[in-house]
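This report concerns only the one structure given below.
Taken together, the values in this text are just the output of simple stated rules run on the coordinates, not laboratory data. Since the structure is predicted, the reported quantities are computational estimates derived from the model, not experimental observations. FYI the Cβ positions are ideal-geometry reconstructions off the backbone, even for glycines, and counts take in every protein chain you see.
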């Protein structure tokens, strides 16, 4: 293949259906992430990811639990951009350095509640959602709810889209995230 099929698109070069979301994201973040500039080649994927991730961010899972899920997916799927981006997010949340290191390497979190979430995420993935009564009970025993269990599915869906697209498009880590890569 001589021409790379996933260049960073701009508001001028992206499909017209992608431009509104690209402009809104650039305004919100102060820049257009390279990953989104490449994902914009499919307005449907970009819109689906943005909507799903926005819904996940509004879920009843607390911010550290959401970031634990994202990092679990990022490490599982080998998405270097998501690892850098969500290391930065954890840093902004003043997360413990040990937690960040554990999540970046796929090790169980020292916090039993977050470790239970990690186990549950892997169980959902490994069983394609057919978690056992015992796995659900173990998740619920750490204060999680049925709603949280379904929100885990939402997060898995959103960050499956993101991590796979980022890998396929070979999105680079943006300069401002280099320190977190």
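Between 12, 57, 151, the residue with the greatest mean-square fluctuation in the GNM of the chain (Cα pairs under 10 Å linked by springs) is 12.
The distance separating the Cα centre of region 1-64 from that of region 77-122 comes to 23 Å. From a point 7 Å beyond the Cα of residue 42 in the direction of its Cβ, which residues of region 155-181 have a backbone N at a distance under 19 Å? Residues 155-172 qualify, since their backbone N sits under 19 Å from the label point. Structure remark: mean-square fluctuation, Gaussian network model of the chain, C-alpha springs under 10 Å; the largest value among 75, 131, 152 belongs to 131.
Extension gain, residue 20 to residue 160, is 48.1 nm, computed as 0.36 nm per intervening residue step minus the present C-alpha separation.
On full extension, the segment bounded by residue 94 and residue 4 gains 28.5 nm, given 0.36 nm per residue less the C-alpha separation.
Here the gap between residue 134 and residue 146, fully extended at 0.36 nm per residue and compared with their Cα-Cα distance, gives a gain of 2.9 nm.
Test of understanding: in a Gaussian network model of the chain with alpha carbons linked when under 10 Å, which of 38, 92, 76 would top the mean-square fluctuation ranking? Answer for the Gaussian network model of the chain: 92. Here is how the number arises for the chain: DSSP H runs of 4 or more residues each give -39500 (n - 2.57), the sum is divided by the residue count, and the result at 222 nm is -20500 deg cm²/dmol. Measure nothing but the geometry: give the 0 to 90° angle between the long axis through the Cα atoms of 63-77 and the longest principal axis through the Cα atoms of the chain, rounded to 10°. It is inclined by approximately 70 degrees. Seen against the Cα atoms of the chain and their longest principal axis, helix 146-168 is set at about 40 degrees. Placing pseudo-labels 7 Å out from each Cα toward the beta carbon at residue 170 and residue 27 gives an inter-label distance of 3.4 nm. Report, to the nearest 10°, how far helix 16-29 tilts away from the longest principal axis of the Cα atoms in the chain, using its own Cα long axis and a range of 0 to 90°. Approximately 60 degrees, to the nearest ten.
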